[in-house]
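The values are calculated or read from the model by the stated rules, or taken from the named source; none is laboratory data. What you are looking at is a predicted structure, and each value in this text was computed from that prediction instead of being measured. All Cβ positions, glycine included, derive from the backbone under ideal geometry; neighbour counts span all protein chains shown. For accessibility, only protein heavy atoms count, side chains too; no ligands or nucleic acids. Shrake-Rupley method; radii C 1.70, N 1.55, O 1.52, S 1.80 Å.
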Amino acid sequence: MDTKSGFHYYLNWAKARIDEMDATLTSLEDKTVELKAGARKKADKVLADLHKTRDKFQDIFRKQSTANEAAWKSVEAQLDSEWTAFQAEVNNNIESFGKQMDQQQTIFRHQADAQLKAWREAADQLGAAAKSFAAERRAEIDAAVKRMDADAAQAEEKLRELNQAGRQSWYALTTALSETRAAFDRANQAAHDAFRKAVA
């Protein structure tokens, strides 16, 4: 990660996951208030565990926010493990929050919105940072901006179609989110690589 570039792969990667965690927690917390005492107690325990996992991820993120690329690489596996644990906890306990299908759709919408927000923020950040380079060094970055915008539009369309299709299985929803998240990671990495070449 080059702090002079204005575009930070690892910060974008981690922030996108924190945003998805927060979106999931918000949708689950909203549902918890509707639950009866017994179900609510179990849901509150699940929420507490999810908050711990998110807080651990966020704490690592904050400690690394000004670190160099080597330091980020050293904690990347730990962050990925926390992210995977969070997702597994949601998948294993979604029935604790009542009407499963409705809750799955709500979580999907919140996570999709968080993903699309991350795409837009990264594309805006990339475009703004590209302006700091002379024209001859900016061509590859401009191409990365266009690719990121196109990939974001494609991801948005895919998620919108799935959302509009109505009731989908949780597997279909999470698979779509995983695919668009992976596309974001690839676009983010391509932008990072373009910046590294431009500053070299």
- request: Take the alpha carbon atoms of segment 67-160, find their radius of gyration, then divide it by 2.2 N^0.38 Å using N residues; give the quotient.
  value: 1.46
statement: Projected area averaged over all directions for the convex hull of the alpha carbon atoms of segment 41-115, nm², comes out at 5.5 nm²
- prompt: Distance from the Cα centre of segment 29-46 to that of segment 133-152, in angstrom?
  reply: 46 Å
field: In nm, spacing of pseudo-spin labels at Arg138 and Lys56 (7 Å Cα→C-beta vector)
entry: 4.5 nm
field: Within straight-line cross-link reach of Lys73, aspartates and glutamates at Cα separation under 19 Å, skipping those fewer than 8 residues along the same chain
entry: Asp2, Asp59, Glu82, Asp185, Asp193
message: If the reach is capped at under 30 angstrom between alpha carbons, list the lysines near Lys31, excluding any in the same chain fewer than eight residues apart.
response: Lys15, Lys41, Lys42, Lys45, Lys52, Lys56, Lys99, Lys117, Lys158
query: Local charge sum around Thr175 (other residues, Cβ-Cβ under 13 Å, Lys/Arg +1, Asp/Glu -1)?
result: +1
- request: Determine the relative contact order of segment 79-178: mean sequence separation of Cα pairs under 8 Å and six or more apart, normalised by residue count, in whole percent.
  value: 35 percent
- request: Set Lys and Arg Cβ to +1 and Asp and Glu Cβ to -1, take the dipole of segment 1-92 about its Cα centre, and tell me which of Thr53, Ala39, Ala23 lies farthest positive.
  value: Ala39
task: Report the percentage of all Cα-Cα pairs in the chain whose separation exceeds 31 Å, rounded to a whole percent.
output: 24 percent
task: Starting from the Cα of Lys146, draw a straight line to each of the lysines and keep only those under 16 Å, dropping any in the same chain fewer than 8 residues away.
output: Lys131
field: Table column - 3J(HN,Hα) (Hz), segment 110-124, Karplus curve with 6.51, -1.76, 1.60, x for Gly and Pro
entry: 5, 5, 4, 4, 5, 4, 5, 5, 4, 4, 4, 5, 5, 5, 5
query: In Å², what does the accessible area per residue of the chain work out to with a 1.4 Å probe?
result: 50 Å²
Inter-site label distance for Ser74 and Lys42 at 7 Å from Cα along Cβ, in nm: 4.3 nm
message: Between Asp113 and Asn91, what is the label-point separation in nm under the 7 Å Cα-to-beta-carbon projection?
response: 2.5 nm
query: Which of the peptides 11-18, 22-29 is most tightly packed, and how do the rest follow, judged by the mean count of other Cβ atoms within 10 Å per residue?
result: 11-18, 22-29
query: Given a cut-off of under 8 Å on Cα pairs at least six residues apart, what relative contact order in percent is computed for the chain?
result: 31 percent
field: Whole-percent carbon and sulfur share, accessible surface of segment 1-155, 1.4 Å
entry: 50 percent
